[in-house]
Amino acid sequence: MDCIFCKIAQKQIKGNIAFENDRVIAFHDLFPQAPTHILIIPKQHYTTLNDVPVEQGAILGELMTTAAQLAKELDVAESGYRVVMNCNADGGQSVYHIHLHLLAGRRLNWPPG
Ligand code: DGP
C-alpha cells in the first residue's frame, strides 16, 4: 500500500519522531501550523475515522491520551492545545491514514476555517 504515514511508521521514510510504542507513533508535522504541531497515528492503517471498527475504538483513546502526555512533556498542557482529526474532503483530510493533530504554542482561533 502506498501510504506515506505507513512508511514513516515502518521507518522506510525518516520522520522526526516524538513518541512511539507498539501501537502508536507520533512525529512532527512537515508543514507546522503552530509552534508545536505533532501528528499522532496508529501504526495500523485506517484510511479515515469512518474505517475504525467499533471494536477497535480503543486505539482512538490511545491517540488522545498520547496527545495529552506529549502536551505535558512539551509544557503546553497548562497553556492549552488543540487536538483535531480531519475526516474526508470536507473535513480537510489530505493524508488518508488517520492522524490526530496536536497543535499548541499560539492562541488558536475558533471556529476553525
Ligand atoms: P490532514 O490535512 O488532516 O490530512 O493533515 C495531514 C498533515 O500531514 C498535514 O498537516 C501535513 C502533514 N504531512 C503531509 N505529508 C507529510 C510527511 O511526509 N511527513 C510529515 N511529517 N508530515 C506530513
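The values are calculated or read from the model by the stated rules, or taken from the named source; none is laboratory data. It should be emphasised that the depicted structure is a prediction, and the values quoted were computed from it without experimental measurement. No Cβ is skipped: glycine too gets one built from the backbone with ideal geometry, and neighbour counts run over all protein chains shown. For the accessible areas, the whole protein counts, side chains as well, though only heavy atoms, and no ligand, DNA or RNA atoms are used. Shrake-Rupley method; radii C 1.70, N 1.55, O 1.52, S 1.80 Å.
Divide by every residue of the chain the summed helix terms, -39500 (n - 2.57) for each DSSP H run of at least 4, and state the resulting mean residue ellipticity at 222 nm, rounded to the nearest 500 deg cm²/dmol.
-6500 deg cm²/dmol
Between the DSSP loop rule and a limit of at most 10 other Cβ atoms within 10 Å, which trypsin sites (Lys or Arg not before Pro) in region 64-113 are left?
Arg107
Arrange the residues Met64, Met1 by how much accessible surface each exposes, largest first, with a 1.4 angstrom probe.
In descending accessible area the options line up as Met1, Met64.
Using only the Cα atoms of the chain, what are the Rg and Dmax in Å?
Both quantities, over Cα of the chain: 13.5, 39 Å.
Compute the accessible area per residue over the chain, keeping the other protein chains in place, probe 1.4 Å, unit Å².
Normalised by residue count, the accessible surface of the chain is 61 Å².
Probe radius 1.4 Å, ligands and nucleic acids ignored: give me the carbon and sulfur share of the accessible area of the chain as a rounded percent.
Heavy-atom surface of the chain belonging to carbon and sulfur, 1.4 Å probe: 52 percent.
R0 = 22 Å: FRET efficiency of Gln56 with Met1, Cβ-based, nearest 0.05?
Result of the calculation: an efficiency of 0.80.
What are the ³J(HN,Hα) couplings of region 51-65, residue after residue, when phi is run through the Karplus curve with 6.51, -1.76, 1.60 and θ = phi - 60°? Round to Hz, x for glycine and proline.
Taking θ as phi minus 60°, the curve returns 9, 8, x, 3, 6, 10, x, 4, 5, 5, x, 5, 4, 5, 5 Hz for region 51-65.
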